[in-house]
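All remarks here apply to the structure that follows.
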Amino acid sequence: MQVTNLLAGKGRDVATVSQGRSVGDAVGMLKERRIGALVVVGATPPLVGIFSERDVVRALAEHGPVALDMTVGDFMSAEVMTCTETTTIDALMVLMTENRIRHVPVVQDNVLVGMVSIGDVVKSRLSELENEKRDLLEYVTAR
C-alpha cells in the first residue's frame, strides 16, 4: 500500500499556518481542528517547517506563558521529513520510527498534497491486518 491510497481514504486537507502567526493562534488552530501539527508555510514552497504539540511544550518550558505571544517561526521544526504519494506505508513507518516523528507532510512535484499522522498509519495497518485475518479465515474454513 502507498501513501496515495491512505490519502484517498482520509482526504488531502492540510492545516497550514504562517511562520509569523503567534504560538497562541497556532495552539487555537490545533485545538479547533483536533490535530497534532500544522505545516508552516512561507516564502519557500511547499513548506518552511512544521509546528507540533511538541513545539508548544518546548516553547512553554523555555519561555513560560509569554511564548504564546511569540511567533510560530521561533519554535517550528525547520528540518522536516516529507514523503511522496508513492512512498509505501512500510517505508513511512520506518521513517517515522527512526526519526521519532508523528506527522509527515506529503509533497509531490514540490506541491504540498497531504499530511499523514502516525494515527493514520496505525489505522491503515490495522485495516490491512483485519483484511488478512478475514482472508485467512475464509481460506481455512473453505477447505
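Any read-out appearing in this document is the output of simple, stated calculations on the displayed coordinates, not a laboratory observation. Predicted model, so just to flag it, every value in this text is computed and none were measured. Counting neighbours? That spans all protein chains shown, and the Cβs are built from the backbone with ideal geometry, glycine included.
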*Can you give the Rg to Rh ratio for the chain, taking only C-alpha atoms and Rh from Kirkwood?*
1.09
*the chain: angle of helix 89-99 to the longest principal axis, Cα-based, in degrees nearest 10*: 40 degrees
*List the aspartates and glutamates whose Cα lies under 15 Å from the Cα of LYS123, skipping any in the same chain that are fewer than 8 positions away.*
ASP90, GLU132
*Linear extension gain, ALA91 paired with ASP25, 0.36 nm per residue minus alpha-carbon span*: 20.4 nm
*Can you work out the FRET efficiency for the pair SER127 and ARG100, with r the C-beta to C-beta distance and R0 = 35 Å, to the nearest 0.05?*
0.90
*Of the DSSP beta bridges with both residues in the chain, give the percent that are antiparallel, rounding to the nearest 5.*
75 percent
_Efficiency of FRET between LEU60 and THR141 - r from beta-carbon atoms, R0 41 angstrom, step 0.05_ = 0.15
*Treating the Cα atoms of segment 76-143 as identical point scatterers in vacuum, please give the log10 of the normalised Debye intensity I(q)/I(0) at q = 0.12, 0.22 Å⁻¹, two decimals.*
-0.42, -0.93
